[in-house]
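Asks: A single structure is presented below for examination.
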Amino acid sequence: MIICQSPSWKGKLFLESKLWSEASHREDKNTICLTGKTKTKTKTQTRLHPPFPLLVPHGSREQCKIDGYDIPIKQRVFINVWVCATDPEYWEEPDSFKPKRFKKTSVDFIGNDYQFILFGSGRRICPGIYFGLRTLELFLAQMLNNYDWKLPRGLNPSDLDTIETLTGGVLVVKKDPLHLIPTPYSSAD
Ligand code: HEM
């Protein structure tokens, strides 16, 4: 959805997915992976819209103090991923979609940087992290490579909303479905 709100990004990602597609027809198809723009885009999108913003409930094994708060033993603890990922102490212009910010920093979502714990961290970190990421990136690349996506007639990128809702207790999805019109590229394109 954010791609539709930022049309310039649609073009850049399309070019990258084209390169990926061409490379995947060559011999090196097993080693080719999406890099650069698709990866920074995935990071940017998931920083602003984490699908599991409260992780799964964790428990305190012992009494401890965090940020001045006393956490008693055996309490259910919720960790707000979204608040960490938009904390102005760690992120410049935290609410802006700025994929380039990830070019200047080594901050990643693989569990070492607590300001960006999309997959959790520590011993309960998501074991499907690389499978999930690769699936997401390939899906995005396929969709961009094979279809031109347009908004329905009369709608402008600024009309799109980003309102989300909780479903199934832990998963956050877009509240109103996103309607886009895909036009397949012909094989000659
Ligand atoms: C982009 C896709 C995915 C996201 C954003 C995601 C995110 C998460 C998060 C936030 C947690 C909780 C970590 C915590 O509480 O510290 C989790 C746990 C888990 N995820 Fe994923 N996940 C994804 C894909 C997958 C896939 C593809 C699999 C399996 C093939 C998977 C399997 C699991 C399992 C088994 C756990 C529980 C781990 C435990 O409690 O020890 N996830 N995931």
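The values are calculated or read from the model by the stated rules, or taken from the named source; none is laboratory data. Nothing here was measured: the structure is a model prediction, and the numbers come from that model. Every residue, glycine among them, receives a Cβ derived from its backbone with ideal geometry; neighbour counts consider all protein chains shown. To get the accessible areas, we keep the full protein, side chains included, count just its heavy atoms, and leave off ligands, DNA and RNA. Shrake-Rupley method; radii C 1.70, N 1.55, O 1.52, S 1.80 Å.
Asks: Of GLY169, GLY120, which residue is open to solvent by less than 80 Å² (accessible area, probe 1.4 Å), closer than 28 Å to LEU55 by Cβ, within 16 Å of the chain's Cα centre (by Cα) and small (Gly, Ala, Ser)? Explain how you work it out, then say what you get.
Replies: Values: GLY169 fails: within 16 Å of the chain's Cα centre (by Cα).
The unique qualifying residue is GLY120.
Asks: Can I ask one more? Checking LYS150 against (1) out of contact with any strand residue (DSSP E or B) (no Cβ under 7 Å at 6 or more places or on another chain); (2) farther than 27 Å from VAL81 by Cα: exactly one of these is not met. Which one?
Replies: (1)
Asks: Return the pair list, or none, for Cβ contacts closer than 6 Å from residues in the range 67-91 that are within 24 Å of GLU164 (Cβ to Cβ) to residues that are within 16 Å of the ligand (Cβ to nearest atom) and of a type in the set (Asp, Glu), at least 6 apart or on different chains.
Replies: Within 6 Å, no pair qualifies.
Asks: Hey, another quick one. Looking at (1) within 7 Å of the ligand (Cβ to nearest atom); (2) of a type outside the set (Phe, Trp, Tyr); (3) at negative phi, find the lone condition where GLN115 falls short.
Replies: All conditions pass for GLN115, except number (1).
Asks: Inside the range 172-187, can you point out the residues that are over 16 Å from THR46 (Cα atoms) and either more than 20 Å from the chain's Cα centre (by Cα) or in a strand (DSSP E or B) (or both)?
Replies: Selection gives ILE181, PRO182, THR183, PRO184, TYR185, SER186, SER187.
Asks: Tell me which residues, restricted to the range 129-161, are in contact (Cβ under 8 Å) with a residue 24 or more places away in the chain and surrounded by fewer than 12 Cβ atoms within 10 Å (Cβ to Cβ).
Replies: PRO152, SER158
Asks: Looking for whichever is in contact with a helix residue (DSSP H, G or I) (Cβ under 7 Å, 6 or more places away or on another chain), of a type in the set (A, V, I, L, M) and within 13 Å of the ligand (Cβ to nearest atom) here; the options are LEU171, LEU144, LEU136, LEU160. Which one fits?
Replies: Among LEU171, LEU144, LEU136, LEU160, only LEU136 is in contact with a helix residue (DSSP H, G or I) (Cβ under 7 Å, 6 or more places away or on another chain), of a type in the set (A, V, I, L, M) and within 13 Å of the ligand (Cβ to nearest atom).
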